[in-house]
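Please treat every number below as a calculation from the coordinates, not as lab data. Given the structure is predicted, the values throughout are model-derived calculations rather than measurements. Because the Cβ atoms are built from the backbone with ideal geometry, glycine has one as well, and the counts that use them run over all protein chains shown.
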């Protein structure tokens, strides 16, 4: 149940909320691999082995635990580690990452999401609030958003209450005046509720709320409004 009268702005998760992320990452990986085949062929051979690529990523994550929230940094340094391991030029990492990142932002919104965003943005300021490294202003969702806050930029990731409070502060609002919308029960719905916001959980696959957060939430924590698609939120808010 939402307290409609209190809501003055909406924050939205991006990946798997506005668009499916796995097809995007697969295409971005393929685009990067094609670039490496031309500019760093030994690295392309190395990165064609999934186990080796995962090992490189794990090494980087273990070496830089302070960057666990920054997926762009981890991706760039994983590419650099692969270049170095393969005997190619490590300084190609920046150009290689730019190729990956451009493809990573070439997203396709779920059907009906563009229309839902347009309806919501006509009434509420919309702010992107993401743990991922997508740049909403490089996507087709850009016209509907006022601003964005990412774990990379802020330094901590959802469900840490500090990033939710920072988003509310960016809007010059108290947390209770902000509605957060996202697909992840823990990072989005639990995190927002724990931060004092209202929350909508986009639960397309029909998961059970208690099973998602049972080991984390207080029994007194209220539940989010659960919908299967962003258009359902419009029905609740704009009816």
Could you grab the relative contact order for the chain? Cα pairs under 8 Å, six or more apart, rounded to a whole percent.
23 percent
What is the distance in Å between the Cα centres of region 1-50 and region 156-204?
21 Å
At what distance in nm do the modelled label points of residue 122 and residue 235 sit from each other, each positioned 7 Å from its Cα along Cα→Cβ?
1.8 nm
Applying the gyration tensor rule to the Cα atoms of region 13-95 (axes a ≥ b ≥ c; rounded if a/c under 1.5, else prolate if a/b exceeds b/c, else oblate), the class is oblate
Within the chain, what percent of beta bridges assigned by DSSP are antiparallel, to the nearest 5?
0 percent
How much mean residue ellipticity at 222 nm does the chain get from its helices, if each DSSP H run of length 4 or more adds -39500 (n - 2.57) and you divide by all residues, to the nearest 500 deg cm²/dmol?
-13500 deg cm²/dmol
How much length, in nm to one decimal, is gained on full extension between residue 6 and residue 51, taken as 0.36 nm per residue of separation minus their Cα-Cα distance?
11.2 nm
The helix 71-86 Cα axis meets the longest alpha-carbon principal axis of the chain at an angle in degrees, between 0 and 90 and rounded to 10, of 10 degrees
Using a simple spin-label model with points 7 Å from Cα along the Cα→Cβ vector, what separation in nm is obtained for residue 98 and residue 27?
2.1 nm
